[in-house]
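Q: Pasting a structure below so you can have a look.
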Amino acid sequence: MNMLENLHSASKSSSRSRIALTIGDPAGIGTEVTLKALADRNLLQSNSEFTIFGDRRHIVKTYSLLIDNSNFSIADPDSINIVDIVNKDDIVLGSGDRASGAASFAYLDAAISGTLAGNFDAIVTAPIAKSAWKQAGHHYAGQTELLAERSQVSDFGMLFVGRSPHTNWVLRTLLATVHIPLSEVSKQLTPNLIEQKLELLRRSLLQDFAIANPRIAIAGINPHSGEQGQLGREESDWLQPLIERYRQQHPNVQITNPIPPDTMWVNPAKAWNNCDRIQLGYDAYLAMYHDQGLIPVKLLAFDRAVNTTIGLPFVRTSPDHGTAFDIAGKGIADPASTIAAIELAIELAKIRTMQKKP
C-alpha cells in the first residue's frame, strides 16, 4: 500500500471534515448549485460538516423557487448550518451589480476569517462576477487574490483538478500565468517564475495529494517548443537549463523536457479515456499560460474540473464555471462541478489532517 492509499484508508476513520461554502454572487447560480450539491447522496454520507456563508433570506427564497421547479434534489436550508450575512440591498436574479458584488465579497471575507480562526478545514467558493466586485469597490483579479492576501501568502497558484469517470485517473494542471493578456505572457514568463511554480507544484503534490515522488510534464512556451531556436529561444536559453538544475536539486521528481504544447495533451487524453493507457498520464502538468492549459482541461473535464488554490494555509476549491446569470433561478443549473469541488475539498482536507499527525 503506497503513501496515498495509507492516508485515504486512515482518513475513513478520522474526524469530520469541516467545510465552509460560499454562495458566490447571489444573482447567479451559486445558491442553486450549492443547495443541489448538498442534497447529493455521496456528500450526505461523507461524514463531513457543511456550513453555508450567505444571506439566509436569499437562500430560503431560492429554495422555495427551486423546490417545485427542478429535476434535481434540493437540500432544505432548515437542515443546513448557515452563517447569515444579510444583504444590505435587494438582489435581482440574473443581474450582477454593485449590490450582488458587495454581498459575494462579504460572504467570502467572512468564510476566510472563520477558516483562519481554525473553525473550518476548507473553503468551497461558488462563482463571483469580477465586474460586480469592482462596482462594489473591491478591486481584485478574483477570489484567489483575496484568499492569498488575507492568508498573507505571495506564493500561490491555480491548479485545475479533474477525475476521469472512465478510468478514475486524475488530471492536475497548474497555470504559470493566469488572467493576463496574451501580449503580456512572454514578459511574465521568467526563470524565477517557472522555478517558483515548479516548487509550488511539487509541495502541493506532497502536501495535498500525498505524492512524494511525482512525475511532472512541462509544456514548451513556443510552437514545437522553439524547434531548436527556429521558433523562439526561451526553451534553449533558459527553460531547459532550469529543468536540468531542478532535477539535480530534486532527484525524487521526474520532470520532462519542454513538450511541444500541441502534442503534450495527447497522452493525458488517452489516460482519461482508456484504462489500459493510464500509465501514459503524469501526476501533474505545468502550462505556461491560461488557454494553453485550460482548453484541454475543459475539453476533457468540463463538468468535472475543479479549481484548487494551492499555497494557502487551508484547502480552497471552486467549480470551474461562472455565475451563469442567464439561467439563474430557472432550476436547470448542473451541480456536477460543485459536487466535484466539495468532494475534492473533503479529500484534500483529510490528507492534510493526516499529514499533520505523528
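The values are calculated or read from the model by the stated rules, or taken from the named source; none is laboratory data. Given the structure is predicted, the values throughout are model-derived calculations rather than measurements. As a convention, Cβ positions derive from the backbone with ideal geometry for all residues, glycine included, and neighbour counts pool all protein chains shown. Keep in mind that these areas ignore ligands, DNA and RNA; they rest on the heavy atoms of the full protein, side chains included. Shrake-Rupley method; radii C 1.70, N 1.55, O 1.52, S 1.80 Å.
Q: Enter the angle in degrees (range 0 to 90, nearest 10) between the Cα long axis of helix 191-207 and the first principal axis of the Cα atoms of the chain, meaning the one along which they spread out most.
A: Long axis of 191-207 versus the principal axis of the chain: about 60 degrees.
Q: Something else about it: Please work out how much accessible surface residue 270 shows to a 1.4 Å probe, ignoring ligands, DNA and RNA, in Å² rounded to 10.
A: Probe radius 1.4 Å; accessible area of residue 270 about 70 Å².
Q: Still on this structure: Hey, got a sec? Which chymotrypsin sites (Phe, Trp or Tyr not before Pro) in segment 230-290 land in a DSSP loop and have at most 15 other Cβ atoms within 10 Å?
A: In loop regions of segment 230-290 (DSSP not H, G, I, E or B), there are no sparsely surrounded chymotrypsin sites (Phe, Trp or Tyr not before Pro).
Q: What does the accessible area of residue 264 come to, in Å² to the nearest 10, when a probe of 1.4 Å is used?
A: Residue 264 has an accessible surface of roughly 10 Å² with all protein chains in place.
Q: Can you tell me which of 301, 75, 111 moves the most in a GNM of the chain? Springs connect C-alpha atoms under 10 Å apart.
A: Taking springs between Cα atoms under 10 Å, the residue moving most is 75.
Q: Sticking with this one: From largest to smallest, what semi-axes in whole angstrom does the chain give when each is the square root of 5 times an eigenvalue of its alpha carbon gyration tensor? Before the final figure, lay out the partial values.
A: Numbers: eigenvalues 246, 107, 72 Å².
Here the semi-axes work out to 35, 23, 19 Å.
Q: Over the chain, with the other protein chains present, what is the accessible area per residue in square angstrom, probe 1.4 angstrom?
A: Here the residues of the chain average 44 Å² of exposed surface.
Q: For segment 37-50, what does the Karplus curve 6.51 cos²θ - 1.76 cosθ + 1.60, with θ = phi - 60°, yield as ³J(HN,Hα) per residue in whole Hz, taken in order and with x for Gly and Pro?
A: 5, 6, 9, 5, 4, 5, 5, 5, 9, 8, 6, 10, 10, 10
Q: Counting only other residues whose beta carbon sits under 12 Å from that of residue 131, what net charge do I get with K and R as +1, D and E as -1? If you can, show how the numbers build up before the last one.
A: Working: positive: 98, 130, 134; negative: 25, 97.
Result for the neighbourhood of residue 131: +1.
Q: I would also like to ask the following. Mind running the shape call on segment 202-247? Use the C-alpha gyration tensor, a ≥ b ≥ c as the square roots of the eigenvalues: rounded below 1.5 for a/c, prolate if a/b tops b/c, oblate otherwise.
A: prolate
Q: As a test of the formula, what do you get for the chain when each DSSP H run with n ≥ 4 contributes -39,500 (n - 2.57) and the sum is divided by the residue count, at 222 nm and rounded to the nearest 500 deg cm²/dmol?
A: So the calculated ellipticity at 222 nm is -12000 deg cm²/dmol.
Q: I need the shape label for segment 205-358. Rule: rounded when a/c is under 1.5, else prolate if a/b > b/c, else oblate, with a, b, c from the alpha carbon gyration tensor.
A: Numbers: a/c = 2.07, a/b = 1.35, b/c = 1.54.
In terms of gyration-tensor shape, oblate.
Q: How much net charge surrounds residue 335 when only the other residues with a Cβ under 15 Å from the Cβ of residue 335 are counted, with Lys and Arg +1 and Asp and Glu -1?
A: Numbers: positive: 36, 41, 304, 330; negative: 32, 40, 303, 320, 334, 343.
Surrounding charge for residue 335 is -2.
Q: Using +1 at the C-beta of Lys and Arg and -1 at the C-beta of Asp and Glu, which of 204, 129, 165 has the Cα lying farthest in the positive direction of the dipole of segment 124-204?
A: Of the options given, the answer is 165.
Q: Give me the percent of the accessible area of the chain that comes from carbon and sulfur atoms, probe 1.4 Å, all protein chains in place.
A: 49 percent
Q: Further question: Heavy atoms only, probe 1.4 angstrom, no DNA, RNA or ligands counted: give me 169, 133 ranked by accessible area, highest first.
A: 169, 133
Q: Further question: Give the lysines reachable from residue 187 as a straight Cα distance under 28 Å; neighbours fewer than 8 places away on the same chain don't count.
A: Partners within reach: 130, 134, 197, 298.
Q: Using the Cα gyration tensor of segment 45-93, with a ≥ b ≥ c the square roots of its eigenvalues, what is the shape: rounded (a/c below 1.5), prolate (a/b larger than b/c) or oblate (neither)?
A: Values: a/c = 2.85, a/b = 1.17, b/c = 2.44.
Judged from the Cα gyration tensor, segment 45-93 comes out oblate (a/c at least 1.5, b/c at or above a/b).
Q: While we're here: So if I take the centroid of the Cα atoms in segment 126-195 and the same for segment 31-75, what is the distance between those two points in Å?
A: Using only Cα atoms, the two centres lie 27 Å from each other.
Q: Dipole magnitude of the chain about its Cα centre, charges +1 at Lys/Arg Cβ and -1 at Asp/Glu Cβ only, in debye to the nearest 20?
A: Computed about the Cα centre, the dipole is about 740 debye.
Q: Another question, then. Relative contact order (percent) for the chain, with alpha-carbon contacts under 8 angstrom and 6 or more residues of separation?
A: Worked out over the chain, it gives 25 percent.
Q: Same structure, new question: Sort 266, 253 by accessible area with a 1.4 Å probe, largest first.
A: The ranking, largest first, comes out as 266, 253.
Q: Can you compute the FRET efficiency between residue 269 and residue 39 using 1/(1 + (r/R0)^6), with r the Cβ-Cβ distance and R0 = 51 Å? Round to the nearest 0.05.
A: 0.95
Q: If the label point is 7 Å along Cα→Cβ of residue 276, which residues in segment 155-170 have backbone nitrogen under 13 Å from it?
A: Counting backbone N atoms under 13 Å from the label point, the list is empty.
Q: Using θ = phi - 60° and the Karplus curve 6.51 cos²θ - 1.76 cosθ + 1.60, what whole-Hz ³J(HN,Hα) does each residue of segment 322-330 get, with Gly and Pro shown as x?
A: With the stated coefficients, segment 322-330 comes to x, 6, 6, 4, 5, 10, 4, x, 8 Hz.
Q: Hey, another quick one. I'm checking a number: the convex hull volume of the Cα atoms of segment 99-229, normalised per residue, in Å³. What is it?
A: Details: hull volume 22.4 nm³, N = 131.
It comes to 171 Å³ per residue, whole-number rounded.
Q: Using a 1.4 angstrom probe on the protein heavy atoms only, line up 342, 67, 80 by accessible area, largest first.
A: Numbers: 342 0, 67 75, 80 20 Å².
Ranked list, largest accessible area first: 67, 80, 342.
Q: Tell me, in nm to one decimal, what length is gained between residue 228 and residue 354 on full extension, where the rule is 0.36 nm per residue of separation less the Cα-Cα distance?
A: Taking residue 228 through residue 354 to full extension adds about 40.8 nm, to one decimal.
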